[in-house]
1. Among the residues of region 183-196, is any buried (at least 17 other Cβ atoms within 10 Å of the Cβ) and over 25 Å from Ser11 (Cβ atoms)?
2. For region 17-33, what are the residues that are in a helix (DSSP H, G or I) and surrounded by fewer than 18 Cβ atoms within 10 Å (Cβ to Cβ)?
3. Taking region 5-24 as the region of interest, how many residues are at pLDDT below 95 and either of a type in the set (Phe, Trp, Tyr) or over 15 Å from Phe65 (Cα atoms) (or both)?
4. Six or more apart or on different chains, Cβ under 6 Å: which pairs go from a residue in region 21-40 that's under 22 Å from Ile210 (Cβ atoms) to one that's surrounded by fewer than 17 Cβ atoms within 10 Å (Cβ to Cβ)? Could you list them?
5. All but one of (1) at negative phi; (2) surrounded by fewer than 21 Cβ atoms within 10 Å (Cβ to Cβ) hold for Asn99; which doesn't?
6. Between residues in region 45-63 that are farther than 28 Å from Glu145 by Cα and residues that are modelled with pLDDT of 95 or more, which pairs lie under 6 Å by C-beta distance while being six or more apart or on different chains?
7. Restricting attention to region 92-108, which residues are free of Cβ contacts under 8 Å to residues at least 60 places away in the same chain, in contact with a helix residue (DSSP H, G or I) (Cβ under 7 Å, 6 or more places away or on another chain) and among the charged types (D, E, K, R)?
8. What tally of residues in region 44-58 results from selecting those that are among the β-branched types (Val, Ile, Thr) and in a loop (DSSP other than H, G, I, E, B)?
Amino acid sequence: MSSGQRDAGVSNPAHVAIIMDGNGRWAQMRGLPRQEGHRRGLEALRRTVRNASDLGIRFLTLYSFSTENWRRPFAEVSFLMGLLKHFVEKDLAELAAANVRVRIIGSRDDLAADLRRLVDHAETSTRNNTGLVLVIAFNYGSRDEIVRATRRLAAEAVAGRVDPAAIDEAAITGQLDTHDIPDPELVIRTSGETRISNFLLWQAAYAEFIFAPVMWPDFDRAAFEDALAQYRQRERRFGGLAAPSDRSVDVA
């Protein structure tokens, strides 16, 4: 059975989230400027969106720019902003034609006005599409997201609209940027790094993680299918025990 085929009785995840890592190192390994790595990374992003749709993934979340990425050199940040603008301006019509819905998560309060208009337009122009939901985490940090969510709940409590004692997981989830998006079942990080870098900390509580050795510009259909095949071999217990029919026996 090829890696692209599904195992009997086991489904691909509905929601895959990816930390797209390794653009700069990919370029440095080839004696190229970091900007070339980011350009090739954009090509990998386009390829991954098409592959996700072909493979029946319902939600695809891509970590494109974190709140910490502003610390990078000004020239690199400016280049990344330019790539984002280019992607939206060039690819939005194609995404819309492919019935892809675009969602942007992350803080927008401190974005430049032109960037805010761009991300707002990407969402509003595709909001009626019913195919793949492409979630772009831009100016996103999970701790920042949770802080913003708890501040909103605190304001509601001060105003008397929320009983603090009634605040539960559902209440916090309802205030997150992803309130209308199911939690990811699979999180992939490329480049071989084994950390999650402030990405979907709340939402990925029970996700499966795969740390792929391939650099992001080289993440292709085969690498995606291999990650999905690994996912289908995982045993998802959500804190419980394996079913009696499982091949493993819990003796603890």
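The values are calculated or read from the model by the stated rules, or taken from the named source; none is laboratory data. Everything quoted here is computed from the prediction, not taken from an experiment. Neighbour counts run over all protein chains shown; Cβ positions are idealised from the backbone, glycine included.
1. yes
2. Within region 17-33, the first condition is being in a helix (DSSP H, G or I), and the residues that meet it are 23-29.
Answer for region 17-33, where residues must be in a helix (DSSP H, G or I) and surrounded by fewer than 18 Cβ atoms within 10 Å (Cβ to Cβ): Arg25, Gln28, Met29.
3. 8
4. Partner pairs satisfying both residue conditions: Asp21/Glu193.
5. Here Asn99 meets the rest and fails (1).
6. Correct list of pairs: Asn51/Arg221; Asn51/Phe224.
7. Arg108 - this is the single residue of region 92-108 that is free of Cβ contacts under 8 Å to residues at least 60 places away in the same chain, in contact with a helix residue (DSSP H, G or I) (Cβ under 7 Å, 6 or more places away or on another chain) and among the charged types (D, E, K, R).
8. Within region 44-58, residues that are among the β-branched types (Val, Ile, Thr) and in a loop (DSSP other than H, G, I, E, B) number 1.
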